[in-house]
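A short write-up of the structure that comes next.
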Amino acid sequence: MFRGILYLIVAVLFLSFLRSVIGILTKGFASAFQSPASAPQRPSVHAGGELKKDPVCGTFISTATAINKQVRGETYYFCSQTCRDKFKG
Ligand SMILES: [Zn+2]
């Protein structure tokens, strides 16, 4: 009976100790990983795809991000939905 309570107290103390240790560790890791995370990231504009010319406004856009439309078996790429709507084959 008394032994059970003792075990419970030890377990609670151990868990709170473990929690504080984990907290210190994660805090340390967070500050350690903060500097590379704030480093400049690569621009995502040219992420994959190839450059195609928008037939409406003449802007070059990446096929990965462009809005495309298939007209008579040919695929056209547009910079925006407005350009796509203006294009009538
Ligand atoms: Zn356009």
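The values are calculated or read from the model by the stated rules, or taken from the named source; none is laboratory data. These numbers were taken from a predicted model, which means no experiment stands behind them. Using ideal geometry, Cβ is built from the backbone for each residue, glycine included, and neighbour counts are taken over all protein chains shown. Each accessible area value is taken on the protein alone, full model and side chains, heavy atoms only, with ligands, DNA and RNA left out. Shrake-Rupley method; radii C 1.70, N 1.55, O 1.52, S 1.80 Å.
Remark: accessible surface ordering of Ser80, Ser31 (largest first) is Ser31, Ser80, probe radius 1.4 Å. A simple spin-label model places pseudo-atoms 7 Å from Cα toward Cβ; at Thr82 and Ile5 they are separated by 7.6 nm.
Length gained on full extension, Val56 to Leu13, computed as 0.36 nm times the residue gap minus the Cα-Cα distance: 8.5 nm. Annotation: amide H-H contacts under 5 Å for Asp54 (H modelled 1.01 Å from N, sequence separation of 5 or more, or interchain): Thr59, Phe60, Ile61.
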